[in-house]
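Enquirer: Once you've had a glance at the structure underneath, I'll fire off some questions.
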Amino acid sequence: IFDLYRICIHAAGIIILYSISFHYYKASSSSPGRPRELSPELCMGCSRLCKKCNFAKPRRTHHCSVCKKCTLKMDHHCPWINNCVGFMNRKFFMAMLFYTDLTILMCIINSLVYFIIYSKYIFVSID
C-alpha cells in the first residue's frame, strides 16, 4: 500500500509541477491589460489623465513605475514574473500561487507521513 501512495504522490507532483510551469509562463508572458491609448481630445467623458503617459485613463487604471505603462485593474508589479499583475493575467497569477501553495502543503503532508512511518526506526530504545 505504501508503493501505491508513492506512485500517487509522484503523479500528483508531476501534474502540479506542469500546472505551476504553465501558469507561470502565462502570467509572465501575457499582457496584464493595457488601456487603449486615446488622446484626451478623443476621449469623451474621461475625467482622468495619466500624468506620465499623457493619455486618458479609465477607472481603476494605474501607472506602473517599472513598466512605464498604464495597467487596467493593476494589482502590483511582480518581480518574480517580471510583469504587472492586472486585469488580463490575474487569473494565471492566482492559479500559479494556488498550485505553489498546494505543492508546499503536499511536501508538509508527505514529510509527516514519512516521519510517522520511519519514526519507529529513529526512536528505538538502546536497552
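The values are calculated or read from the model by the stated rules, or taken from the named source; none is laboratory data. Because the structure is a prediction, the values reported are computed rather than measured. For neighbour counting, all protein chains shown are included, and Cβ atoms are generated from backbone atoms with ideal geometry for every residue, glycine included. Please note that ligands, DNA and RNA were not included when accessible areas were found on the heavy atoms of the full protein model with its side chains. Shrake-Rupley method; radii C 1.70, N 1.55, O 1.52, S 1.80 Å.
Enquirer: Considering only residues of region 31-53 that are polar (S, T, N, Q) and modelled with pLDDT under 90, which is least open to solvent (accessible area, probe 1.4 Å)?
Expert: So, considering only residues that are polar (S, T, N, Q) and modelled with pLDDT under 90, the one least open to solvent (accessible area, probe 1.4 Å) is Ser39.
Enquirer: Are any residues in region 58-116 surrounded by 18 or more Cβ atoms within 10 Å (Cβ to Cβ) and assigned to a helix (DSSP H, G or I), and if so, which ones?
Expert: If the condition is that a residue be surrounded by 18 or more Cβ atoms within 10 Å (Cβ to Cβ) and assigned to a helix (DSSP H, G or I), then Phe92, Phe93, Met96, Tyr99 are the ones that fit.
Enquirer: State whether one or more residues within region 8-30 are farther than 30 Å from Val113 by Cα, more than 20 Å from the chain's Cα centre (by Cα) and open to solvent by 40 Å² or more (accessible area, probe 1.4 Å).
Expert: no
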